[in-house]
Amino acid sequence: MMEELKARLGPEVLGLTVFLLAVMLVFSFLSDRFLTAANFGSVAVQLPELGILTLAMLLPILSGGLNLAIISTANISALTVAWVLQVNGGPEAGMGAFLLGAALALAVGGAAGFLMGAVTAISGAHPILVSLAMMIFLRGLGEYLTRGGDISGFPDFVAAIGHGSLFGIPAPLIVFLACVAVWQILLGRTRLGFFTYMVGSNIEATRYSGVDTKRALMLIYTLSGVMCAIAGIVMMARFNSVRVGHGEAYLLITVLACFLGGVDPFGGFGRVASVLLALVILQILSSGLNLLGANQHLSTAVWGLFLIAVMVLRFGWKRWFERKRGKT
Amino acid sequence: MAEQAARGAVLAMRGVSKTFGGVKALNDVSFTVRPGEVHCLAGENGSGKSTVIKIATGVYTADPGADIEIAGQSVAAPTPGLARRLGIAVIWQDLALFPEMTVAENIGFEALLGARPKPVARKRMRETAARVLARLGVALDPDAPLRSLPIAKRQIVAIARALVGEARLIFMDEPTASLTQAETDHLLEIVRSLSASGVAVVFVSHRLAEVLEVSSAVTVLRDGRLVGVFPTEGMTQSKLTELMTGQTFDSAVAARDRSAAPPVLELKGLTREGEYADIELTIRKGEILGITGLIGAGRTELGHTLFGMTRPDRGEIRLDGKPVRFRSNGQAIRAGVSYVSEDRLSLGLIQPQSIADNLSLTVLDRLLTAGLISPARKSSLVDHWIRELAVKIGTPADAVATLSGGNQQRIVLAKWLATEPRLLVLDAPTVGVDVGARAGIFAIIRRLAEQGLAILLISDEAPEVYFNADRVLHMAGGRIIGHYDPRATSLAELEQAVYA
Amino acid sequence: MRRLINANATEFWLILVIFALGLFLSLTTEQFFTLVNFTDLLNTSAVNLIFAMGLVVVLIAGAIDISFAVAASVVQYVAALALMALGGGNWVLGFFIAGACGVLLGAVNAALIHHFRIISIVVTIATFNVFFGLLMFFTRGVSIYNLPGWWSDRIILWEYETASGAWAEITLPVLVMVFAVIATWLLISHSSTGRQLYAYGDNPEAARRIGISPGAVQYIAFGWLGLMLGIAGLMQVNYAQEVVPNALFGRELDVLAAVVLGGARLGGGRGTVLGCVLGVLLIAITENGLNLLGVSPYAFKMVVGGIILAAITLSNLSLESLAGRRP
């Protein structure tokens, strides 16, 4: 039973659950407001943006790459929605215009991702460089289009999407959980997901096994781009505005969350469930510190320290395990 | 007795053990090399040969209790720097060179070592490189980046590096693996002249003929333990194999006449410039066709074309009588062609991933239900093939890297057999597979042929092809230059043709 | 000559592109080919070049550092506070404190990488967040403007009044940059230590077997980057005349892009000082040219990003991969 759960969710889940419980225990002693519905409500509201972006980062990392353009892709996609809404009357625009804009945004995000995947696959350039150049380009494009300013003045239902809830569950959280489910199925049960892991471990051996690895890379980055677009739309609904610089601080946090979730930095290994746990831990840490009067910056620092601590513990655990095996 | 042998020895190791994560890679091994001696270190993969080299050169530290003497000096735990200063040099199996640096820097890197910064004397390094290369009788541009050289030339660079210092003892770990026969002969010359000048050489090679030709004594290891030290005089290949594996093997020619069976693969005038030319051959249903020849003969390149990874410039490939032109290996697989790569470690399998995933990678399409991979079908596929090929595994979730060479090769075979091929191209299927496990691999291959599979067996080891194929082609310089029927030819004749 | 070009293909192409771009801008704009513009280019690029000199050493050794720019911000703040506590200080003290702080922060990264076997990207993404988060937390995002005069005053080393009445000036950061470039060049091309870094980045296992200490490699590479980021931080304050805690946030990726444009390879073993200089200059000249051409400043990054994307694609689709490997 335990073994099967471990096999299905990944080996990191157990350790991360212990971390999660430890963090919760510490904070519930430190603050009597920690174990309250209001606190968990705020976690639920903050989780989705970072979460969806992390899912967008997860796929490229698993394939042995990285996508540094996730934030700029998200913002360019959100700009697409904003543009469609503005053309259709700004605050008076209807739901149809929003849906059209969202569809276009997904296409724009996918196209940006596809371009990165294609360049990576065909030229063999390192994905860090390709996506870094793409990030600079898209951010520049966004700055050019918006002249560095905010775009706002959306119909009321946009804010409702960002702040509303369904059966008491915040709407962004529903979107996020849906995305998690899709990624879980993609990585666990589909051909592309399977190829993602194999490409991440050894792309040449995968190619020798008859897999069209170029196509796989293009699809991986396209899907990452689409996920960015979803994040962009959610961010737009949350802030009720679009701005090129929105969420830039999230970029490296998404990588941090993946590593914390036990994703192999070289690719090939990592599970959605453990990344989800890592995200929850990060948000709980952040909200707990918040209750103690710290600001977001201190949380950021603590996240970094937490990642270092976890990596050091993993190292120590491995050493200890080897020693123990050596004795028997 | 052991005390006496150690006196005057250039290297004397006694009671050496080494444990990795609970596994004993070496167990109380002693190893002694005298000045000017050519000594062979023999054993199967994983018998501990490389570990002995790495301990003697300070890359690994032996478990406590070992006694190591280099040039009469007792060394508790050698470091790479100390071992080098005491006159030990190594030609590593993986060469251990720096592709981005120049030939001169690779050869003369020793001048750049040391913790204290010092200026780089490029001119002196170039001169050193030129001197050593002249001694080896090879002309190489000292300023060329190493990455621009083919693998055989890199091997020469690795040899040159070992000759730079005033070495007393040179370890050569599979130094001939990618050399042509002429280059190998030249290297063996150098080994003899080194020996004559008092430098000891420890020679590790899987080519037993070579070993027996050049060395005067052989130390045999098995499973990390010392089997014994033997003089090479009077030693035969089969006796050495027996010592290494602890088993006896008798080989018999397995060739059969399949000329009545319908052809599966026909090649007509197949040519790819710079790789192979005018290849004409036919493989029939149930036939094993062997191709042998030296490194660089164009065998692997031919295999790549059959598998759709490269395209021929001229000529025709017919599969079951119909001409085919593959644009990718995916098409070749769908048409029924499978290819077992010679490079199992980096191309044949995805080492860190699980046995189950490696096995299902080629046939993922068949495991889908409603577009999703069915775990049940996947595990039944894996169970089937593990049983069918009698692979020894822990659980299917273990990484392939945890398996022995022979069992890994069975997984490779399984992943290709699962695609139900009509033609199986085997490129050096026993590289890195222990002598003991090879028989098992060939038993599987012969059984597959009996079931009607057409098999192209590529190998640079003539005996392997001779004993297992129905017909043998000799390839050299990209062309087929000889046809042999094992039933009408002796092994000596074939070896004479291929290696001389 | 031919071999020189083959061995330094990236540098050769960069020189060609920069030359072509320079020619084009000289013909289409009046200001490009002027002394004032050239000195401006040097003054604005100096800090990035010093960063690049540090980063390239880390890349050559096979590692990567994301944290160096925010580490420089930390150094600036610490140096400012320390110097004020010491009653103002002077340049010698400034260089010492900034250099020492930088090396210390670099050593933190090296220690985590070496002693706990965590790969550099994981370590430096973590330290990036730690450095930046703590800096913003303790400073509350407040800038420091009342710096000692010796530090924040512009120091003009050379000036020349052109015919048009404009002044061409070379400022202190340029001189420091020149020293950093020469020192880095000596380190990586002409010292045994530098060649050991290349060797380790090229093939770590081979380097270990030949007797190069992996720990020493990490400490030297990150220590050098630490020294450079400390100095760059010091110079950036001199250039900007203030200490703003988030001024350098995001700079790490710009510098990284310039350094790889200059031919350094992620994964180690490849990279030159000349390539770095050319990479930084190409981006600076592009932005400068767009400015002179009257293009909207909002479009600069877009064009630069497009150029880098094209350069990466083309340089990887080199003759080797197009002609060498037939399908």
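The values are calculated or read from the model by the stated rules, or taken from the named source; none is laboratory data. This one's a predicted model, so the numbers in the text were calculated from it and none came from an experiment. Here the Cβ is made from the backbone with ideal geometry for all residues, glycine too, and neighbour counts use every protein chain on show. Areas reflect the complete protein model, heavy atoms only, side chains present, ligands, DNA and RNA absent. Shrake-Rupley method; radii C 1.70, N 1.55, O 1.52, S 1.80 Å.
Worth a mention:
- The lone criterion from (1) open to solvent by less than 20 Å² (accessible area, probe 1.4 Å); (2) closer than 15 Å to C:Y77 by Cβ; (3) assigned to a loop (DSSP other than H, G, I, E, B) left unmet by C:V130 is number (3).
- Whether a residue is more than 13 Å from chain A (Cβ to nearest Cβ) and over 30 Å from A:F315 (Cα atoms) was assessed, and C:G88 passes this test.
- Helices (runs of 4 or more DSSP H) contained in the stretch A:209-328 and holding at least 1 residues within 28 Å of A:Y144 (Cβ to Cβ) and more than 10 Å from chain C (Cβ to nearest Cβ): A:213-239, A:250-260
- The listed residue being surrounded by 20 or more Cβ atoms within 10 Å (Cβ to Cβ), among the aliphatic types (A, V, I, L, M) and not in a loop (DSSP other than H, G, I, E, B), out of C:L55, C:L81, C:L93, C:L104: C:L55
- On inspection, B:A129 does not qualify as open to solvent by less than 30 Å² (accessible area, probe 1.4 Å), part of a strand (DSSP E or B) and touching a helix residue (DSSP H, G or I) at 6+ places or on another chain (Cβ under 6 Å).
Per-residue answers, yes or no, for (1) more than 14 Å from every other protein chain (Cβ to nearest Cβ); (2) over 18 Å from the mean Cα position of the chain (by Cα); (3) not acidic (D, E):
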| residue | (1), (2), (3) |
| --- | --- |
| C:A63 | no, no, yes |
| C:A71 | no, no, yes |
| C:V74 | no, no, yes |
| C:F128 | no, no, yes |
| C:L147 | yes, yes, yes |
| C:E159 | yes, yes, no |
| C:V176 | yes, no, yes |
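- Flag for C:T193 being within 16 Å of the chain's Cα centre (by Cα) and either of a type in the set (A, V, I, L, M, F, W, C) or not in a loop (DSSP other than H, G, I, E, B) (or both): no
- Test result for C:Y198, within 14 Å of chain B (Cβ to nearest Cβ), crowded, with 21+ Cβ neighbours inside 10 Å, among the aromatic types (F, W, Y) and more than 26 Å from C:I156 (Cβ to Cβ): yes
- Residue in the stretch C:288-306 that is nearest to the other protein chains (Cβ to nearest Cβ), counting only those that are open to solvent by 30 Å² or more (accessible area, probe 1.4 Å), of a type in the set (A, V, I, L, M) and within 9 Å of A:F137 (Cα to Cα): C:M302
- Among residues of the stretch A:114-133 that are facing chain C (nearest Cβ under 7 Å), those with a beta-carbon under 6 Å from a residue that is of a type in the set (G, A, S) at least six positions away or on a different chain give the pairs A:L132/C:A257; A:A133/C:G305.
- Search result, residues across the stretch A:188-199 that are buried (at least 20 other Cβ atoms within 10 Å of the Cβ) and either at pLDDT below 95 or hydrophobic (A, V, I, L, M, F, W, C) (or both): A:F194, A:F195, A:M198, A:V199
- A single entry from C:T162, C:T171 fulfils the requirement of being exposed (fewer than 15 other Cβ atoms within 10 Å of the Cβ) and either more than 18 Å from C:I231 (Cβ to Cβ) or not aromatic (F, W, Y) (or both): C:T162.
- The condition of being under 27 Å from A:K318 (Cβ atoms), modelled with pLDDT of 85 or more and of a type outside the set (G, A, S) holds for only one of B:D63, B:D28, B:D67, that being B:D63.
- Selection within the stretch B:320-361: residues that are of a type in the set (S, T, Y) and surrounded by 23 or more Cβ atoms within 10 Å (Cβ to Cβ). The member of this set that is farthest from B:E420 (Cα to Cα) is B:S341.
- Among the conditions (1) within 19 Å of B:S341 (Cβ to Cβ); (2) touching an Asp or Glu at 6+ places or on another chain (Cβ under 9 Å), the only one that A:N202 does not satisfy is (2).
- You will find that of B:A462, B:A449, B:A469, B:A443, the residue that is in contact with a His (Cβ under 9 Å, 6 or more places away or on another chain) and over 16 Å from B:L267 (Cβ atoms) is B:A462 and no other.
- Residues within the stretch B:248-282 that are touching a residue at least 40 places away in the same chain (Cβ under 8 Å), over 17 Å from B:P323 (Cα atoms) and β-branched (V, I, T), tallied: 1
- All positions within the stretch B:469-498 that are part of a strand (DSSP E or B), of a type in the set (V, I, T) and touching a residue at least 60 places away in the same chain (Cβ under 8 Å): B:V472, B:I480
- Top-ranked residue in the stretch B:296-319 [being in a helix (DSSP H, G or I) and within 14 Å of chain C (Cβ to nearest Cβ); ranked as least open to solvent (accessible area, probe 1.4 Å)]: B:T305
- Screening B:A182, B:A177, B:A209, B:A196 for residues that are outside the structural domain of B:G293 (by TED's automatic domain parsing), over 28 Å from B:D63 (Cβ atoms), open to solvent by 10 Å² or more (accessible area, probe 1.4 Å) and without any contact (Cβ under 8 Å) to a residue 24 or more places away in the chain leaves exactly one candidate, B:A182.
- Restricting attention to the stretch C:201-217 and to residues that are open to solvent by 10 Å² or more (accessible area, probe 1.4 Å) and not in a helix (DSSP H, G or I), the residue that is farthest from the other protein chains (Cβ to nearest Cβ) turns out to be C:S213.
- Of the residues making up the stretch B:60-108, those that are surrounded by fewer than 22 Cβ atoms within 10 Å (Cβ to Cβ), free of Cβ contacts under 8 Å to residues at least 40 places away in the same chain and of a type outside the set (G, A, S) are B:T61, B:P64, B:Q73, B:V75, B:T79, B:P80, B:L82, B:R85, B:D94.
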